[in-house]
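Working notes for the structure below.
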Amino acid sequence: MGYEKVLRGKIVQDRVFDGEIGINNGKIEKVVEGKNILKSDSIEDYESALIFPGFVDVHVHCFSNPNEGFTTTSRSAAVGGVTTFLDMPYDLPNPVNNVAFFNDKVKRLEEESVVDICLWGTISKTGGLDQIIPLAEAGAVAFKMSTFETDSYRFPRIPDDEILKAMELIQETGLIVAFHAENDEIIVSLIDEYKKENKVYPRAHNETRPPVSETTAVLKLMEFAKWTGVKLHIVHVSHPRTVELIEYFKSTGVQVTCETCYTYLLLDVDDLDKHGPKAKINPPLRHREDVDGLWKHIMEDHIDLISSDHAPWEEEHKVKGNDNIFLAASGMPGLEIIAPLLFSEGVTSGKITPEKFARLMATAPAEKFQIQNKGSIKEGYDADFAIIDPTQSWEIDEKRFNSYSKISPFNGKIVHGKNIASFVRGEKVYDGENVLVDPGFGKFVPGFAYKEENQVRG
Ligand SMILES: [Zn+2]
């Protein structure tokens with residue numbers, strides 16, 4: 001009798017304590033301090049390993065590279081302790097900018113995933129405003145837009161007048177609008193100049209996207225947010241100056257949050273010289289003093305959460321940039337390694353506490369994006385956990401990634417701390433060696449503006 005399952009170990013939430021978690025029907029029913037208190041026929045004792053709330057990664061691209069998809073990406077997530085992720089809308093061939101595409105994606109997700117997934121929505125470059133309310137009601141978790149044109153159809157730059165109108169509508173839904181914030185004119189003209197002068201070495205990617213191209217894009221958006229009252233989120237902040245501007249706007253009452261990515265905390269522009277296309281991401285890797293500046297902001301609680309910006313490209317999309325960095329695809333796979341790497345560089349190294357790690361990687365992402373019952377070890381919440389053994393060290397081997405993208409500038413790095421188990425809704429989905437559930441186990445997690453009665457679900 002007792003609980004269906006009990007987990008025992010060092011529980012990490014607002015503090016770290018030896019305790020037990022009683023699980024019934026996929027939910028956390030009881031959390032207690034101490035040992036041998038909760039009864040169950042199925043007790044898993046993790047001893048001195050740390051039981052974290054399952055990590056929530058708000059920034060993942062399953063279909064920017066359509067060869068990838070939900071199955072390999074969600075298996076990568078399970079291995080890395082990411083039990084819920086938010087999939088970006090810039091899919092190839094079609095971005096998720098209407099309800100029909102959105103519902104198709106929900107169906108596919110529930111057939112192919114092994115962890116739980118929320119879906120972002122977006123709007124077309126012009127004329128897409130009427131899809132905002134329907135997408136919110138279909139269960140979009142948030143809306144993503146860009147001030148930089150990566151692709152005029154799939155990943156467009158939205159004009160300012162359209163951004164303002166979209167923000168007014170999104171404000172009504174109560175959902176977040178998030179931006180890829182880079183200044184298009186500055187970057188396009190610098191890249192043209194560099195190409196004409198045949199300056200196509202790896203570091204040219206950094207030089208053509210200077211910090212001012214990020215800060216000025218973010219400034220404009222925060223002022224738009226002030227006048228529309230929308231909840232604004234800035235994705236992949238790469239420079240400490242951007243965080244300072246966000247802090248100022250926060251202090252004046254603008255509802256703005258930000259994330260940085262593990263890459264901007266662990267790599268710098270020297271890695272772009274060293275690894276070339278493998279280390280090409282947007283915005284680019286910055287200088288070492290900027291990396292230190294971002295860590296300082298993490299320690300001072302100026303950065304709300306950390307994401308991976310998992311964007312998996314196979315080698316062929318990267319090697320074409322070997323002689324000209326501008327030809328390489330941007331992005332790298334991160335779901336399998338973000339949590340252990342940051343644990344190693346953040347917690348093991350003593351920069352941040354396990355509690356803060358739990359906040360940045362699980363609790364804050366779920367809270368800010370208003371994802372119900374995820375991100376905390378609390379009674380009534382989903383029994384989602386990532387269990388990290390801080391005593392195990394291991395070496396990153398890109399060849400073993402579940403993703404088809406087997407290229408990483410972190411290849412060969414020794415990591416102190418290993419994810420030894422992941423649980424989704426009480427089910428162990430990864431045991432430290434293998435993924436234990438089949439595609440179809442993962443569920444769609446609707447955003448909080450979801451209206452079930454409007455949905456026709458097959
Ligand atoms: Zn991204």
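What to note about this one:
- Karplus-derived HN-Hα couplings along the range 365-379 (A = 6.51, B = -1.76, C = 1.60, θ = phi - 60°), whole Hz, x at Gly and Pro: x, 5, 5, 4, 8, 6, 8, 6, 6, 10, x, 9, 8, 9, 4
- Separation of the range 411-438 and the range 162-213, taken as the distance between their Cα centroids, equals 35 angstrom.
- Based on alpha carbons, the Rg and Dmax found for the range 270-354 are 14.6, 42 Å.
- Placing one equal scatterer on every Cα of the chain and applying the Debye formula, the log10 ratio I(q)/I(0) at q = 0.06, 0.07, 0.12 Å⁻¹ is -0.24, -0.32, -1.00.
- The chain, dipole about Cα centre (Lys/Arg Cβ +1, Asp/Glu Cβ -1), debye to the nearest 20: 120
- Highest to lowest packing among 290-296, 276-282, 440-446, 338-344, scored as the average C-beta count within 10 Å: 338-344, 276-282, 440-446, 290-296
- Separation between Cα centres of the range 298-336 and the range 93-150, rounded to whole Å: 22
- Here's how it looks for Leu86: its modeled amide H is under 5 Å from those of Asp57, Val58, His59, Val60, Cys118, which are all 5 or more places away or on a different chain.
- Between Gly9 and Gly19, Tyr46, the built amide H atoms are under 5 Å apart, and every one of these is 5 or more places off in sequence or on another chain.
- Once backbone amide H atoms are built at 1.01 Å from N, Tyr430 has Ser422, Leu436 as its partners under 5 Å, excluding neighbours fewer than 5 places away on the same chain.
- Label-point separation, Glu315 to Phe17 (7 Å along Cα→Cβ), nm: 5.1
- Percent breakdown of C-alpha pair distances by 10 Å bin, ordered from the shortest bin, for the range 298-425: 12, 35, 34, 17, 3, 0
- Gyration tensor over the Cα atoms of the range 63-148: the corresponding equivalent ellipsoid has semi-axes (square roots of 5 times the eigenvalues, largest first) of 23, 13, 12 Å.
- When the alpha carbon gyration tensor of the range 200-276 is reduced to an equivalent ellipsoid, its three semi-axes come out at 28, 12, 9 angstrom, largest first.
- Simple spin-label estimate for Arg241 and Met299 gives 2.3 nm between the two label positions (7 Å along the Cα-to-Cβ direction from each Cα).
- The chain - percent of accessible surface contributed by carbon and sulfur, probe 1.4 Å: 48
- ³J(HN,Hα) computed for each position of the range 315-325 - Karplus, 6.51 cos²θ - 1.76 cosθ + 1.60, integer Hz, glycine/proline x: 4, 4, 6, 9, 5, 5, x, 4, 9, 7, 4
- Charge tally in the Cβ shell below 13 Å around Asn198, where Lys, Arg are +1 and Asp, Glu are -1, Asn198 excluded: -1
- Shown in residue order for the range 338-351 are the 3J(HN,Hα) couplings computed by the Karplus curve 6.51 cos²θ - 1.76 cosθ + 1.60 at θ = phi - 60°: 4, 5, x, 5, 5, 4, 4, 7, x, 7, 4, 6, x, 6 Hz (x for Gly and Pro).
- In terms of packing, defined here as the mean over residues of other Cβ atoms within 10 angstrom, the peptides 258-264, 325-331 line up highest first as 258-264, 325-331.
- Computed E for Glu185/Phe326 - FRET, C-beta separation, R0 25 angstrom, nearest 0.05: 0.90
The values are calculated or read from the model by the stated rules, or taken from the named source; none is laboratory data. Everything numeric in this text was worked out from a predicted model, so none of it was measured. As a convention, Cβ positions derive from the backbone with ideal geometry for all residues, glycine included, and neighbour counts pool all protein chains shown. Remember, those area values only see protein heavy atoms, side chains included, never the ligands or the DNA or RNA. Shrake-Rupley method; radii C 1.70, N 1.55, O 1.52, S 1.80 Å.
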